[in-house]
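Participant: Pasting in a structure now, in C-alpha cells, and then I'll have a few things to ask.
We did not get these values from a lab; they are worked out from the coordinates using the rules stated. All values derive from a computational prediction rather than experimental measurement. With ideal geometry, Cβ positions are generated from the backbone for all residues, glycine too; neighbour counts draw on all protein chains shown.
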Amino acid sequence: MKRILIAYDGSAPARRALDTTIELAKATGAGVTVVSVVPVHPGRVPIDPWDDPSVHAQELREAKAVLAEHGIVAEYLMPHGDPARQIEMLAEQGGFDTIVIGSRGLGVVSRFLQGSVSEHVATHADATVVITR
C-alpha cells in the first residue's frame with residue numbers, strides 16, 4: 001500500500017473511512033489524498049446542499065484537522081461531477097493503489113433509485129477498495 005485515496009463527505013460512514021485511513025496510513029506509511037466530490041445536477045432547483053462547494057470545502061477542512069491530529073499530512077481535492085466516476089478517475093490518474101470509502105448502508109430500493117457510490121467504485125475501480133460501514 002503506497003497511495004490511499006479517501007472519499008470524504010462528512011457523514012458518519014465517511015468518518016469511519018477516515019479513521020480506517022488513519023490506521024492504514026500509520027501502519028504502511030502510505031501517502032493520503034482526501035477527495036470530496038461536488039455533485040453536478042444540471043437544472044436542479046433549489047440547489048441541493050450536497051451540491052454546494054462551500055459544504056465540501058468545510059468537509060475537507062474537517063478531514064484536514066482530524067488527519068493533522070494524527071500527524072498525517074495529506075493532499076485535498078474537490079472536483080465537480082459524478083462522485084463515483086470522479087473517484088475512479090482520480091484513483092486511476094493518480095496511481096492510487098487503495099481507495100477507502102464509507103457506505104451509507106442503503107437498502108435495495110434506495111440503491112436502485114439513488115445509486116450507491118461505494119458499490120459503483122468497488123465494482124469499477126482498478127484499485128483495492130476498502131468500504132467502511
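Participant: For a quick protection proxy, order the peptides 26-38, 67-79 by their average other-Cβ count within 10 Å, most packed first.
Facilitator: 26-38, 67-79
Participant: For an R0 of 35 angstrom, estimate the FRET efficiency from the Cβ-Cβ distance between D52 and T28 and round to the nearest 0.05.
Facilitator: Working: r = 34 Å, r/R0 = 0.98.
My answer for the efficiency is 0.55.
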